[in-house]
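Right, one structure below, let's go through it.
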Amino acid sequence: MNTSVTNAARLLGAGLRALLVLTVVTGIVYPLVVTGIAQGLFPGNANGSETKADGGRVVGSSLIGQAYNLPLKEGQETPEPDLKWFQGRPQNGLGTNTVNTQYDLILSGATNRSADNAELAQWVKDAKAAVVKDNSVPGHRVAPADVPADAVTSSGSGLDPDISPEYADLQVHRVAEKNGLPAERVQTLVDRHTEPRTLGFIGEPRVNVLELNIALGELAAGH
């Protein structure tokens, strides 16, 4: 009997010691080491790829898209896009709750609708009509055939920070007109912020909307 109690106590003590050691190693030492390495070698990535503007103020992350909308008017439920800025992809896939009602980045997700879904087809149709209407300015008419797919569909997460160069180019004349800038200067801005395929063959050329709009704001302020 005494032997059984002694063995049980020994095993319990060994288990508690193992729990303590593993807690310290995996719960304290390992996270501190990984965090230290990340902060030392990749501080930008480790801190969420923060994007700064206006004298060093953090205005977002280069990895997460943002909405550029006008403030809601009284009785209005859906905000209107602020057309002086480049617009990102639609955000139909975003989840909503009592907190996330205006693209506050609390939830994300896809629409989970098939290609022949009537509601999805209507979303695309309405989005294309809006893109054509918003980006057709005096002297420059946008044709429906010129609207790229990423202008009318959301990404899998709904938080894609990038748009295609084609969608950015389509918005140039509208952005220039709204900001009182020459279209050529805005186009040059888009060209400078167009990133090629990663390593030359991975993914597609892309334009980060947040970084482009920061540069646009600086250009408009100095104009």
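Points worth noting:
- Some residue of region 127-150 being touching a residue at least 12 places away in the same chain (Cβ under 8 Å), within 24 Å of GLU218 (Cβ to Cβ) and assigned to a helix (DSSP H, G or I): yes
- Residue within region 166-184 that is in contact with a Ser or Thr (Cβ under 9 Å, 6 or more places away or on another chain), within 29 Å of GLY55 (Cβ to Cβ), in the same structural domain as LYS84 (by TED's automatic domain parsing) and assigned to a helix (DSSP H, G or I) present: yes
- The residues in region 16-67 that are in a loop (DSSP other than H, G, I, E, B) and either among the polar types (S, T, N, Q) or exposed (fewer than 14 other Cβ atoms within 10 Å of the Cβ) (or both) can be counted, and the count is 9.
- Residue list for region 73-113, restricted to those being of a type in the set (Gly, Ala, Ser), surrounded by fewer than 18 Cβ atoms within 10 Å (Cβ to Cβ) and at pLDDT 65 or above: GLY75, GLY109, ALA110
- Neighbours by Cβ (under 6 Å, 6+ apart or cross-chain): first from region 203-223, in contact (Cβ under 8 Å) with a residue 40 or more places away in the chain; second surrounded by 21 or more Cβ atoms within 10 Å (Cβ to Cβ) and of a type in the set (D, E, K, R): ARG206/ASP162; ASN208/ASP162
- First in region 166-195 and of a type in the set (Asp, Glu), second anywhere and assigned to a strand (DSSP E or B) and crowded, with 16+ Cβ neighbours inside 10 Å, Cβ under 7 Å, 6 or more apart: GLU177/VAL137; GLU195/ARG206
- Complete set of residues in region 177-210 that are surrounded by 18 or more Cβ atoms within 10 Å (Cβ to Cβ) and closer than 21 Å to ASP150 by Cα: VAL186, LEU189, VAL190, HIS193, ARG206, VAL207, ASN208, VAL209, LEU210
- Unique residue being part of a helix (DSSP H, G or I), farther than 17 Å from LEU83 by Cα and among the aliphatic types (A, V, I, L, M) when the list is LEU120, LEU159: LEU120
- Hey, LEU70 closer than 24 Å to LYS178 by Cα and loosely packed, with under 13 Cβ neighbours inside 10 Å or not: yes
The values are calculated or read from the model by the stated rules, or taken from the named source; none is laboratory data. Values in this document were obtained by computation on a predicted structure and should not be read as measured data. Every residue, glycine as well, gets a Cβ built from its backbone with ideal geometry; the counts of neighbours run over all protein chains shown.
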